[in-house]
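What follows is one structure encoded as structure tokens, with my remarks underneath.
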Amino acid sequence: MQNTLLQTSIDYLKGVGPGRAEVLRKELGIHTFQDLINLFPNRYIDRTRFYKVSELQPTNAEVQVVGQITGFKEIAQKRGKRLVATFRDETGYLELVWFRGHKWIREHLKTHTDYVIFGKINLFNGTFSMPHPDIELKTDYDKSLSKAIQPIYPSTEKLTNRGISNRVICKIMEQLFLQLNGRFEESLSIEILEHQKLISKSEALLNIHFPKTQNLLSLSQFRLKFEELFYIQLQLILKNIIHKTKIKGYRFETVGSYFNTFYNEHLPFELTNAQKRVLKEIRIDMDSNAQMNRLLQGDVGSGKTIVALMSMLIAIDNNFQATLMAPTEILSFQHYNGLKPFCDLIGVKIGLLTGSSKTAARRLIHEQLESGELQIIIGTHALLEDKVKFKNLGLAIIDEQHRFGVAQRSKLWKKNVCPPHILVMTATPIPRTLAMSLYGDLDISVIDELPAGRKPIKTVHRFDSNRLKVLGFIRDEIAKGRQIYIVYPLINESETLDFKDLMDGYESIVRDFPMPNYQVSIVHGQMKPVDKEFEMQRFVKGETQIMVATTVIEVGVNVPNASVMIIESAERFGLSQLHQLRGRVGRGSEQSYCILMTGSKLGDNSKTRMKTMVNSSDGFEIAEVDLRLRGPGDMMGTQQSGVLELKIANIVKDKLGRDLVIESEVSSVQQTFRYIVPYQDPLTAIKTVLSKMSTDNGYPFFFYSSIVDDNFYLTDLETIINTQSFNHMKPFVYDQENVNKNDIESQATNITHFESGLLELSLIHI
């Protein structure tokens, strides 16, 4: 099948026409034949069995019956009339009921003609009835492609109102297959098909839309999911190679006095093996002559900050500056206050820049950064301002990566002649498969080990009826000299009801823990930054025993003496957020506790969340459960450049995705290409592949139309080339020659050739 035919406008498909085409475009994004092919069903209804009327049971189940209409009658009711038809087979009768559309039904349905009806069965006054059944002539049913297992397609209210029902979509899908003759170009090599035991492309597409059996449906889904995920992996490999081979970075060859002095004399604890491994990965990246672009994942309390500091010290040892950017002022202050004592010990000049920094302080910081006097700067988005200029920025660390967009990250690239090394950190554990799709342009390091001596946090779930016992426990802990967090679910600062809950809770706590014996702090998003910081500092210094707060303390508060985290209305939080909040305690050597307070009436998902929190402290395990409960939608909402919108595969649910993951580290990328062309570097291997290409069309239509914009690489390359400060670094694409705008399109075409070349050479070793 030629791709040109698949690009035909949907207007030209028999049975669609301009009116329906316009609705399909607006509601489902269907512009071409190809888009329609890639509209996959949400679910299926098994219509393989026919029932006799005598076999019907009052179960409210969907059934299918063959018979004839023997007569109609209209029955008056409080509002209007209902139309009732008697439907018979050789074993008995039932009633078909319609509450609207009487005129059309009387005109188009014939008596004493064989029909197939399908719908839910009700029993009323000893007679079975089927309201608004799907009804089809037996002769049409016998000709239909979807007579066994019926697909149910995505729909909207507007589609329904315009008469584009599921049946209509099935009909136009049938027409499309007839028009295309049901044959599609194969996009995977024979070797891959045989190795993975996959059915052909044509067979898969036919049976995803018109499955003949459950087995064929399963085989089709597996084939299309495999293809989707397979191409994602190829894309990630290619993007990573382009980055590593073409975007040069500063080489940090020295591990000097700053790093060694800190490591040997001032490191407050022994590094875990995971921290050592991650530091080694970062060290290799920064010494590779390519720009580092790495994601550092670590559970709460795993020691990411100390890894960040030691990475910055390597930059300083090589006469470069470093910056750490955080999403909030509170977190910036936290980092600054945590790192400054270490920097003072080894003679490193560190500064802080936030939105609330005074003008005079700002001016001084700007001068010191530009002169190179300031070696490390901690800050918020204020660091991205054009006024902020560095003498020689070599490393940029971004904390809580999910709070920043790609555009913000790219601004850091312009802070030096060559782009600085980038290390992004997140305390939100992401299953590796999903992480690769979210951050496909990043290498991934994981700190999966907590520091020695940390006692696991004991987590319990308590109902509101046990509140008095919880209050007694708080008093006991305070008597031991401990501090307490009490968190309320003020999700959105404009939610007045939630705010009332918080204030009521605060007043209740103040009554139960009166002055002068107890001091209570309160922090929420509607407070002025200076007031927030004042209350925070009181708690940090131990001047208050209880902190009543919203989720503003989710990140950035480190109080080793805090041993109890009480989360009110815990059922209103997601698992990841509950885990983040729990990580605020357990920072000291004493036993810590997390108490989840809920009402007695909980839904199934809420029960699962509470049970998971009580039974597990593993952030990655919790993330898995969270994703199963709510799907990847929320997380995908933070998508970065290059994140793919999956049409049929589900990274969370489809376990086959795990088997398809390709490691993106340098060694793995290099190895991948050695499988293709032994003993050649990646760029030479790409050229070798290109030279072996025999096809002009490298786009497997299923992948490119449904997952990624055809201009994905074109856009990516154009962005790089248009970045003014990088002009001297040309080229960024394959050949060692200057690339101008006119060449971009041909370079993008080369990439498509390369990808189809991978298929030709059967990259099954991956």
Net dipole in debye of the range 72-114 [+1 Lys, Arg Cβ; -1 Asp, Glu Cβ; about Cα centre; nearest 20]: 480 debye
Order of Tyr593, Tyr485 under a 10 Å beta carbon neighbour criterion, fewest first: Tyr593, Tyr485
Within the range 257-447: Cβ-based charge dipole about Cα centre, in debye rounded to nearest 20 (Lys, Arg +1; Asp, Glu -1): 340 debye
Furthest towards positive pole of dipole, Ile350, Met325, Trp413, structure part the range 257-447, Cβ charges: Trp413
For Ser129, Ser218, order by how many other beta-carbon atoms lie within 10 Å, fewest first: Ser218, Ser129
Relative contact order (%) - the range 257-447, alpha-carbon pairs under 8 angstrom, separation at least six: 33 percent
Residues Met547, Met425 arranged by fewest to most Cβ contacts within 10 Å: Met425, Met547
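Would you mind classifying the range 318-424 by shape? Square roots of the alpha carbon gyration tensor eigenvalues, ordered a ≥ b ≥ c; an a/c under 1.5 is rounded, otherwise it is prolate if a/b is larger than b/c and oblate if not.
rounded
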Cα point-scatterer Debye curve for the range 257-447, base-10 log of I(q)/I(0) at q = 0.12, 0.14, 0.15 Å⁻¹: -0.53, -0.74, -0.87
Pairs beyond 25 Å (Cα-Cα), from Lys532/Lys601; Lys349/Lys389; Lys248/Lys389; Lys340/Lys391: Lys532/Lys601
Table column - 3J(HN,Hα) (Hz), the range 613-628, Karplus curve with 6.51, -1.76, 1.60, x for Gly and Pro: 4, 5, 8, 9, 10, 7, x, 6, 5, 4, 4, 4, 5, 4, 5, 5
Translational diffusion of the range 88-143, µm² s⁻¹ [Kirkwood Rh, Cα pairs; Stokes-Einstein; 4 °C; 1.567 mPa s]: 104 µm²/s
Equivalent ellipsoid dimensions for the range 458-616 as semi-axes, Å, which come from the Cα gyration tensor, largest first: 22, 18, 16
Distant-in-sequence amide H partners of Leu602 (H built 1.01 Å from N, under 5 Å): none
Signed unit charges on C-beta, dipole axis of the range 124-217, positive-most listed residue Ile172, Leu198, Asn215: Ile172
Calculated from backbone phi, Karplus (6.51, -1.76, 1.60) coupling profile of the range 365-375 in Hz, x at Gly/Pro: 4, 4, 5, 5, 5, 5, 7, x, 4, 8, 8
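FYI, it's all coordinate maths here, none of it is from the lab. Remember, predicted model here, so these are calculated numbers, not experimental data. Reconstructed Cβ throughout: ideal geometry from the backbone, glycine too, with neighbour counts over all protein chains shown.
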